[in-house]
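The values are calculated or read from the model by the stated rules, or taken from the named source; none is laboratory data. Owing to the predicted nature of the structure, the values given are computational and were not obtained by experimental measurement. Because the Cβ atoms are built from the backbone with ideal geometry, glycine has one as well, and the counts that use them run over all protein chains shown. When the accessible area is computed, the model is the full protein with side chains, heavy atoms only, and any ligands, DNA or RNA have been set aside. Shrake-Rupley method; radii C 1.70, N 1.55, O 1.52, S 1.80 Å.
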Amino acid sequence: QVQLEQSGGGSVQPGGSLRLSCTASGTLFRVYAMAWYRQAPGKQRERVADIAPGGSANYGDSVKGRFTISRDNAKNTMYLQMNNLKPEDTAVYYCNGDGYYKGSDYFPGGSWGQGTQVTVSL
């Protein structure tokens with residue numbers, strides 16, 4: 001399994017912004033399909049966004065227009081820029097590596113970051 005290390009997160013007021021980072025070890029990052037997931041207490045794990053090796057991206061309906069997923073293959077890093085944050089975005093966010101696509105649907109791989117808390121509140 002590839003090691004994934006996350007950074008970013010924190011607390012922000014509604015309407016604010018945060019950027020999450022996920023850095024992978026090894027040499028194969030450039031060929032990984034990657035994704036961000038989140039999970040709030042008592043709720044199902046939710047796919048936030050995913051990105052193919054070439055940069056094509058998909059977003060969950062609840063974050064479209066507000067979040068942007070990107071990757072820098074030279075840095076082995078994936079990012080999630082989160083703008084106009086809402087209280088319902090509060091969750092632990094996890095990066096996932098080496099997933100696969102069935103059509104446009106992302107299925108998670110076996111590598112997960114450690115998770116980082118995002119809290120959006122007044």
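Under the shape rule built on the C-alpha gyration tensor, where the axes satisfy a ≥ b ≥ c, the range 46-122 is prolate, since a/c reaches at least 1.5 and a/b is greater than b/c. Taking a ≥ b ≥ c as the square roots of the eigenvalues of the alpha carbon gyration tensor, the range 1-65 is prolate, as a/c is not under 1.5 and a/b beats b/c. Summarising the label geometry, the points placed 7 Å from Cα in the beta-carbon direction at N84 and K102 lie 3.3 nm from one another. For the range 83-122, the convex hull drawn through the C-alpha positions has a volume of 88 cubic angstrom per residue.
Using a cutoff of 8 angstrom between alpha carbon atoms and counting only pairs six or more residues apart, the relative contact order for the range 1-40 works out to 40 percent. Dividing the radius of gyration of the alpha carbons in the range 42-88 by their Kirkwood radius gives 1.01 for Rg/Rh.
Rolling a 1.4 Å probe over the protein heavy atoms of the range 1-74, with every protein chain left in place, gives an accessible area that is 42 percent carbon and sulfur. A DSSP coil position with no more than 14 other Cβ atoms inside 10 Å describes the following trypsin sites (Lys or Arg not before Pro) in the range 38-86: K43, R45, K64. Legend: calculated FRET efficiency, Q1 to L122, from the Cβ-Cβ distance at R0 = 41 Å, rounded to 0.05, equals 0.55.
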